[in-house]
Amino acid sequence: MARTLPPPHPRGTPKTPGSGRKKGTPNRKTLELRELMALLVNDVDYQYRFRQDFIKRRLHPSTELTVWTFILGKPTTTVEMTA
């Protein structure tokens with residue numbers, strides 16, 4: 001039996017309560033990408049090849065930053081203010 005789709009949501013009306021992704025639930029693709037980056041960062045062969053490509057300037061420096069950002073998260077910056 002084929003699943004029937006609900007009628008389209010009329011424009012200008014509020015969302016149906018409880019619809020959509022719940023607050024704090026991460027995106028599925030983001031989780032998969034983080035898992036892949038964690039596997040790559042912990043792989044010795046990948047680290048060696050990445051290092052060689054980086055030394056030979058085949059990779060842009062921001063590439064390594066992006067990989068580490070996915071694994072460790074963005075670094076937090078603190079601002080100290082004195083009066």
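The values are calculated or read from the model by the stated rules, or taken from the named source; none is laboratory data. What you see is a predicted model; the values in this text were computed from it and never measured. No Cβ is skipped: glycine too gets one built from the backbone with ideal geometry, and neighbour counts run over all protein chains shown.
Taking every residue in segment 61-74 that is under 10 Å from MET37 (Cβ atoms) and at pLDDT 75 or above and pairing it with any residue that is in a loop (DSSP other than H, G, I, E, B) and aromatic (Phe, Trp, Tyr), at least 6 positions away or on another chain, yields no pair with a Cβ-Cβ distance below 9 Å. The set of residues from segment 44-64 being surrounded by 10 or more Cβ atoms within 10 Å (Cβ to Cβ) and part of a helix (DSSP H, G or I) comprises TYR46, GLN47, TYR48, ARG49, PHE50, ARG51, GLN52, ASP53, PHE54, THR63, GLU64.
Closer than 30 Å to PRO6 by Cβ, exposed (fewer than 10 other Cβ atoms within 10 Å of the Cβ) and hydroxyl-bearing (Ser, Thr, Tyr) - does that describe any residue in segment 24-43? Yes: one or more hits.
Quick one: how many residues across segment 26-60 are hydrophobic (A, V, I, L, M, F, W, C), out of contact with any Phe, Trp or Tyr (no Cβ under 9 Å at 6 or more places or on another chain) and modelled with pLDDT of 80 or more? Of the residues in segment 26-60, 2 are hydrophobic (A, V, I, L, M, F, W, C), out of contact with any Phe, Trp or Tyr (no Cβ under 9 Å at 6 or more places or on another chain) and modelled with pLDDT of 80 or more. Of all residues in segment 1-38, those that are outside any loop (DSSP other than H, G, I, E, B) and of a type in the set (S, T, N, Q) total 1.
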